[in-house]
Amino acid sequence: MSVESYRMPGSVSSFSIPSSEQLPAVEIEPAALEAFDIVGFNSRDIRSRPFNLLRTQVLKAMREKKWRLLGVTSATPEAGKSFLCANLAVAMAQLPDVRVCLFDLDLRRGSLAEKFAITGDHGLTQFLDGTIDDLHNVGRYFSNLHLSLFPCYSSRINSAELLAGDRFTKLVEAMRALPDDVIVICDLPPTFANDDAMTIIQQLDAYMFVIEEGMTTKTELRDAMSLLSPAPCLGTVLNRYSASPLDAYGAYGKYGHYYGQ
Ligand SMILES: Nc1ncnc2c1ncn2[C@@H]1O[C@H](COP(=O)(O)OP(=O)(O)O)[C@@H](O)[C@H]1O
Ligand SMILES: [Mg+2]
């Protein structure tokens, strides 16, 4: 059996998140987004309503607490984390007084590049493992959506080591150094998959938890929140819920509950 040795990536000295003007600009066809269930940018589409409601609630709560770095997790895979992150990010990015940076930190199962139809040689993983020292060729600015996306391309990697390293700390510091009107949304792995969600969430301001209707159990929710404690939970989102007349798309934001505070 061969054991791959882990080589510590070199540290980066001055690192910052590139602004939208410093990123390659792309324009994406709405139809391409809709093929991946991303509709939150189009207020005329009834399916965007739950995301518009959610963006207002999330922004209100974040502004009150002066939070800007938000993670999104769930108990198990396929609950709709990436679906929620993508739709919430594009819905928020339509507002004139908010800029949004969306980071795919599900390093083993990144999916946002595919949803936003982008390809590239390097993603966040290659920054964290020391292959590249900046994010200028990782990020994309979607000029028609007013959104910056920093994807990762899923691979079999030692994500735990990468997230424990100095480069991840630098990445979070750089997120915090972004201007005050920038909201950072981080798509994360499920809490029970490995340590990744826990490690990342401890460094962010708060997290949102996606509950999959009929799938996530009370015990899973309680256990996940206790694992993530003391990080503040901004709220839970019940996904694939179909009982509300407002809810054309089965995603309903349920707020007013602040766990772990
Ligand atoms: N409420 C929903 N309505 C329509 N499609 C959804 C909904 N929630 C999730 N999906 C789809 O289900 C699949 C799994 O969701 P995804 O967000 O990738 O899960 P996760 O990131 O939690 O693993 C994706 O194809 C996504 O577009
Ligand atoms: Mg995902």
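Since every read-out is calculated from the coordinates, none of them should be taken as a lab result. What you see is a predicted model; the values in this text were computed from it and never measured. We place every Cβ from the backbone using ideal geometry, glycine too, and count neighbours over all the protein chains shown.
Of all the residues in the range 17-46, those that are more than 18 Å from Phe116 (Cβ to Cβ) and of a type in the set (D, E, K, R) number 2.
Checking the condition within 23 Å of Leu135 (Cβ to Cβ) and part of a helix (DSSP H, G or I), which residue from Glu21, Glu64 passes?
Exactly one of Glu21, Glu64 is within 23 Å of Leu135 (Cβ to Cβ) and part of a helix (DSSP H, G or I), namely Glu21.
I need a count of the residues in the range 110-120 that are within 12 Å of ligand 1 (Cβ to nearest atom) and surrounded by fewer than 18 Cβ atoms within 10 Å (Cβ to Cβ). Full working, then the answer.
Kept after step one, since they are within 12 Å of ligand 1 (Cβ to nearest atom), are these residues of the range 110-120: 110-112, 114-115.
Next, only the ones that are surrounded by fewer than 18 Cβ atoms within 10 Å (Cβ to Cβ) stay: 114.
Residues in the range 110-120 being within 12 Å of ligand 1 (Cβ to nearest atom) and surrounded by fewer than 18 Cβ atoms within 10 Å (Cβ to Cβ): 1 in total.
The residues of the range 100-121 that are of a type in the set (Phe, Trp, Tyr) and farther than 21 Å from Val172 by Cβ amount to a single one, Phe116.
Anything in the range 193-245 that is more than 26 Å from Thr125 (Cα to Cα), among the hydroxyl-bearing types (Ser, Thr, Tyr) and either buried (at least 19 other Cβ atoms within 10 Å of the Cβ) or in contact with a strand residue (DSSP E or B) (Cβ under 8 Å, 6 or more places away or on another chain) (or both)? List them, or say none. Answer for the range 193-245, where residues must be more than 26 Å from Thr125 (Cα to Cα), among the hydroxyl-bearing types (Ser, Thr, Tyr) and either buried (at least 19 other Cβ atoms within 10 Å of the Cβ) or in contact with a strand residue (DSSP E or B) (Cβ under 8 Å, 6 or more places away or on another chain) (or both): Thr216, Thr236, Tyr241, Ser244.
The single condition among (1) within 16 Å of ligand 1 (Cβ to nearest atom); (2) over 15 Å from the mean Cα position of the chain (by Cα); (3) in a helix (DSSP H, G or I); (4) of a type in the set (A, V, I, L, M) that Ala193 does not meet is (3).
Within the range 99-109, take every residue that is touching a strand residue (DSSP E or B) at 6+ places or on another chain (Cβ under 7 Å) and assigned to a loop (DSSP other than H, G, I, E, B) and give me the one that is nearest to ligand 1 (Cβ to nearest atom). This residue is Asp106.
The residues in the range 131-155 that are free of Cβ contacts under 8 Å to residues at least 60 places away in the same chain, surrounded by 16 or more Cβ atoms within 10 Å (Cβ to Cβ) and of a type in the set (Gly, Ala, Ser) can be counted, and the count is 1. Close Cβ contacts (under 9 Å, 6 or more residues apart or on different chains) running from residues in the range 106-130 that are without any contact (Cβ under 8 Å) to a residue 40 or more places away in the chain to residues that are acidic (Asp, Glu) and crowded, with 23+ Cβ neighbours inside 10 Å comprise Gly123/Asp104.
Tell me whether the range 85-101 contains one or more residues that are more than 16 Å from ligand 2 (Cβ to nearest atom), free of Cβ contacts under 8 Å to residues at least 24 places away in the same chain, closer than 20 Å to Leu178 by Cα and of a type in the set (Lys, Arg). Within the range 85-101, not a single residue is more than 16 Å from ligand 2 (Cβ to nearest atom), free of Cβ contacts under 8 Å to residues at least 24 places away in the same chain, closer than 20 Å to Leu178 by Cα and of a type in the set (Lys, Arg).
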